[in-house]
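The values are calculated or read from the model by the stated rules, or taken from the named source; none is laboratory data. It should be emphasised that the depicted structure is a prediction, and the values quoted were computed from it without experimental measurement. Methodologically, a virtual Cβ is constructed for each residue, glycine included, from the backbone with ideal geometry; neighbour enumeration extends over all protein chains shown. Accessible surface areas use protein heavy atoms only, side chains included; no ligands, DNA or RNA. Shrake-Rupley method; radii C 1.70, N 1.55, O 1.52, S 1.80 Å.
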Amino acid sequence: MAGINGAASLKKLWPNCKKEGGLMIIIFVILQSCLLVSMAFGGGSKLAGAKNFVEMFESLKLPQWFRVTTGLVQLAGAVGLVIGYWNPAVAVWVGIGIGITMLVACLSHFRVKHPVGNAIPAFVITLIAATLVAI
């Protein structure tokens with residue numbers, strides 16, 4: 001969980017929470033953890049050159065160096081989310097960055113006229129990031 005310092009920081013963000021383990025704090029940490037796992041595995045897979053990501057970037061008509069750059073951005077986001085356990089403001093800013101990144105991913109799929117289903121994972125991550133920021 002957020003730990004003592006993180007809980008105190010979250011308490012400053014949500015003064016209406018009755019106790020340190022308030023529902024909003026729990027939801028925030030769950031969303032943060034979902035984004036962390038998604039960014040870590042997605043970024044790592046892109047950097048490792050997983051076949052599905054290589055093919056996806058080819059179908060998006062994007063160069064492979066952009067796949068590597070996207071993987072690095074996602075791993076940087078994962079690191080920021082880890083820091084966010086102790087400083088929730090960092091998690092909020094990283095959530096904004098992840099939301100923008102994933103929104104661009106959705107638009108990239110639409111640009112090349114992929115079926116809507118191809119953009120759903122990026123859209124779901126965008127919604128999770130937006131919810132994290134809105135809490």
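Structural remarks
- Only residues that are open to solvent by 80 Å² or more (accessible area, probe 1.4 Å) and closer than 19 Å to ILE30 by Cβ were counted across segment 98-120, and they come to 0.
- Any hit, segment 55-67, residues being among the basic types (Lys, Arg), assigned to a helix (DSSP H, G or I) and out of contact with any Pro (no Cβ under 9 Å at 6 or more places or on another chain): yes
- Residue among ALA76, ALA105, ALA91 that alone is over 16 Å from ALA130 (Cβ atoms) and either in a helix (DSSP H, G or I) or hydrophobic (A, V, I, L, M, F, W, C) (or both): ALA76
- Any hit, segment 43-61, residues being within 11 Å of the chain's Cα centre (by Cα), open to solvent by less than 30 Å² (accessible area, probe 1.4 Å) and at pLDDT 95 or above: yes
- The residue list ILE25, ILE30 contains one member that is modelled with pLDDT under 95, assigned to a helix (DSSP H, G or I) and either closer than 14 Å to ILE98 by Cα or open to solvent by 70 Å² or more (accessible area, probe 1.4 Å) (or both), which is ILE30.
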